[in-house]
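Just below is one structure, and these are the notes that go with it.
Here, each number is a calculation from the coordinates, and none is a lab measurement. Quantities reported herein were computed from a predicted structural model and do not represent experimental measurements. As a convention, Cβ positions derive from the backbone with ideal geometry for all residues, glycine included, and neighbour counts pool all protein chains shown.
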Amino acid sequence: MAPELPAKAMKEMLEAAEISVISNASVTPYLENKKIKFVDINNTNIRVKAATFIDTTQDAELAIKAGLSYSLGFASQNQKLRNETIATSIISTVSETISQIYQLKSET
């Protein structure tokens, strides 16, 4: 498959859902009770408020700027997978760990 086709399909789906993508931007996170309340996109008038933020930077840039704990790659799912790679960093916004959430899920 030509590498530009998935990117084109993703762009079309996001446009159809009226989702704006901001790339190559620097951000400043603002916290309340150790959780990201909102993020300002630097050098713009854009402020993003969300219940969850997904940091897709390679090195957990948002989590680091916010001073929050984070896991890189698959390590967030299982520490045995620490050296495996994935292009997303997970920023915990709940008090439970991923393992605790899976345990709760299996108990129901």
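DSSP loop (so not H, G, I, E, B), at most 14 other Cβ within 10 Å: list which trypsin sites (Lys or Arg not before Pro) in the stretch 1-59 pass both filters.
LYS34
Looking at the stretch 1-62, which GluC sites (Glu not before Pro) are in a loop (DSSP not H, G, I, E or B) and have at most 16 other Cβ atoms within 10 Å?
GLU18
From the phi of every residue in the stretch 23-28, what ³J(HN,Hα) in whole Hz does the Karplus formula 6.51 cos²θ - 1.76 cosθ + 1.60 yield, where θ is phi - 60° and glycine or proline is x?
10, 6, 10, 8, 10, 10
For a quick check of your reading of the filter: which chymotrypsin sites (Phe, Trp or Tyr not before Pro) in the stretch 1-53 sit in a DSSP loop and have no more than 10 other Cβ atoms within 10 Å?
none
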